[in-house]
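Peer 1: Can you keep this structure in mind? I'll have questions shortly.
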Amino acid sequence: MGSKIPLYDTATFTRKFMPAEEVRQMLKGRFGDFFIVRVEEMHRHVGQPVPPSRATNHTIIYLCEGEAHMRIGGERYTIQEEEMLVVAAGQVFSFDEHTPDKFNKGYLFHFNEQWLGAALGCQHLLDKFEFLDVYSNPRIRFDRHDASLLEGSLGDMHSFYIYDAANQLIPTFLMTVLTWMGNAYRPLFHRAAEPGRELTSRFLKLLQEHHVDKQRVTDYAALLHVTPNHLNKVVKETTSKSPTRWIDEAILLDAKVLLAQTLDPVGAVASAAGIGDASYFSRLFRKYEGMSPAEYRKMMRGE
């Protein structure tokens, strides 16, 4: 059983946060499957900060110039030129600030994994790209040589999209870009020993799927066929965070989306996040966020 938190499809997200007619003109063809735009063209049409949200597709931003900030999962990331941020499908993300006069140059592209798999004739082709997993390193850095090649591929893909959004070469260009990304990608825990990385990766994949209905370390230890003590030791050594903290943070990310995007009572938010006791949920929220769920909701609404 996965998260009950709703996901935005492309049309709903752009209608809510980028309602300008110019945006609709930039998004061509079946833009729910794929689109690519220049950052400098899209940025000025984002009319407000984006509160914690989830989307059905992968979204990737690459900067040629400037600096961009985004919160992905529980962490805040900053990228500059020749760097990329990946928001995997289903990942919680937000823009804490909106500065329409800020100048960035680059590309933003967005694609549906099933569409790309069907276009290339292999649904499992993307399994090798760890950066498309929710619990992966969302920031990718390129050296100058690779950045130049990547920018050329992104520019070509953008040109094909502008003139013919249904061009059959677009999936091939996209796969080329993903391969460049895979070559440059460094896992979050690349310095940890291989056995620890492997067990931790399996734990995080299970957490993504089950955090609403399995919220004890013993649940995941049983699924992984290890003892709770061993799982605690390995995950803490690999990530510097205990499994309990990972579980708590996954619960709170769901809660933040609901608090920011709905008017559901706090008790209903707690229940949707898998916690039946609203008082315990409020204590847990305050422990990590330093404020109550109601205070967080007011903050996100600018009240």
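Peer 1: For region 194-300, report the convex hull volume of the alpha-carbon atoms normalised per residue, in Å³, without decimals.
Peer 2: Dividing the Cα hull volume of region 194-300 by its residues yields 99 Å³.
Peer 1: Step through the residues of region 120-127 one at a time and calculate ³J(HN,Hα) from phi using the Karplus curve (6.51 cos²θ - 1.76 cosθ + 1.60, θ = phi - 60°), rounding each to whole Hz and writing x for Gly and Pro.
Peer 2: Karplus values, whole Hz, x for Gly and Pro: 9, x, 7, 6, 9, 5, 8, 4.
Peer 1: Label points 7 Å out from Cα along the Cβ direction at residue 69 and residue 16: separation in nm?
Peer 2: 2.3
Peer 1: Could you give the Stokes-Einstein D for region 10-184 in µm² per second, using the C-alpha Kirkwood radius, 25 °C, 0.890 mPa s?
Peer 2: 151
Peer 1: Which of (i) 14.7; (ii) 23.3; (iii) 16.0 is the computed mean projected area of the Cα convex hull in nm² for the structure on display?
Peer 2: (iii)
Peer 1: If you take the charge dipole of region 194-300 about its Cα centre, with +1 on Lys and Arg Cβ and -1 on Asp and Glu Cβ, which of 293, 265, 239 is farthest toward its positive end?
Peer 2: Among 293, 265, 239, the one farthest towards the positive end of the dipole of region 194-300 is 239.
Peer 1: Quick one: Cα centre-to-centre distance for region 17-81 and region 219-246, in angstrom?
Peer 2: 35
Peer 1: Across region 194-300, how many lysine pairs, 8 or more positions apart or on different chains, have C-alpha atoms separated by under 16 Å? Please give the number.
Peer 2: 6
We did not get these values from a lab; they are worked out from the coordinates using the rules stated. Keep in mind the model is a prediction, meaning the values are calculated, not measured. Backbone-built Cβ (ideal geometry, glycine too); neighbour counts: all protein chains shown.
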